[in-house]
Amino acid sequence: MAVIGPAGNGQTLSLDSLVRFRRGMRTTAAPRRLPLPEGMTAPLGCDAVAVPARIGPLVLPRLPRVGCVYADESHWWWIVPSDSDYALEWPESVRYSTGAIVPDTPRLIHLPDGTVPYTPPIPLYLALCRVIGTTPSWSRQLSA
């Protein structure tokens, strides 16, 4: 497919060029790392666990310790140590973000006491399973 360029100079654009041009016009926010509050240290690195916003308030009171929690209109994000997804099958409605990279910049809604931003991942996992109604992966029966 050939299209006359905008200056009418006879330059042709391929279909690939048009597709690249169209993709360049999209205005979506670039993914960003969740910013840690001033004075917080993350000696174990940071990942994030996101749940639908309607579930967040149900999980919060079930946790023995809550680290930094962020929220936007659609999700609540908990900061967990890096590799907290190792050997855990997080429930389907949960999004695990390596490096705490999120599509937008949610606002901080909970700041923990101390300088460590983490919510312990095992209690978070168990609370999420309980609220969502999922059996933890290590409790499921194996079939032969």
ask   = Just how much of Trp138 is accessible, in Å², when a 1.4 Å probe is used and the result is rounded to the nearest 10?
value = 130 Å²
Residue-count net charge about Tyr118 - beta-carbon cut-off 10 Å; Lys, Arg +1, Asp, Glu -1 = 0
inquiry  = At 0.692 mPa s and 37 °C, plugging the Kirkwood radius over alpha-carbon pairs of the stretch 54-144 into Stokes-Einstein gives what diffusion coefficient in µm²/s?
reply    = 235 µm²/s
Distant-in-sequence amide H partners of Ile109 (H built 1.01 Å from N, under 5 Å) = Val69, Tyr70, Ala71
key: Estimated dipole of the stretch 63-144 in Debye, rounded to 20 [Cβ of Lys and Arg +1, of Asp and Glu -1, Cα centre]   = 240 debye
task = Give the calculated FRET efficiency between Asp113 and Leu44 to the nearest 0.05, with a Förster radius of 25 Å applied to their Cβ-Cβ distance.
result = 0.90
request  = Give the accessible surface of the stretch 61-140 per residue, rounded to a whole number of Å², with probe radius 1.4 Å and ligands, DNA and RNA excluded.
outcome  = 53 Å²
remark   = Going residue by residue through the stretch 92-102, the Karplus relation 6.51 cos²θ - 1.76 cosθ + 1.60 with θ = phi - 60° gives ³J(HN,Hα) values, rounded to whole Hz and with x marking Gly or Pro, of 4, 7, 9, 10, 9, 10, 5, x, 6, 8, 10
query = Tell me, what HN-Hα J-couplings in whole Hz come from the Karplus equation 6.51 cos²θ - 1.76 cosθ + 1.60 at θ = phi - 60° for each residue of the stretch 47-52, using x for Gly and Pro?
reply = 10, 9, 10, 10, 10, x
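The values are calculated or read from the model by the stated rules, or taken from the named source; none is laboratory data. Small disclaimer: the values here were computed from a predicted structure and weren't measured. As a convention, Cβ positions derive from the backbone with ideal geometry for all residues, glycine included, and neighbour counts pool all protein chains shown. Quick note on the areas: whole protein, heavy atoms, side chains included, nothing else; ligands and nucleic acids left out. Shrake-Rupley method; radii C 1.70, N 1.55, O 1.52, S 1.80 Å.
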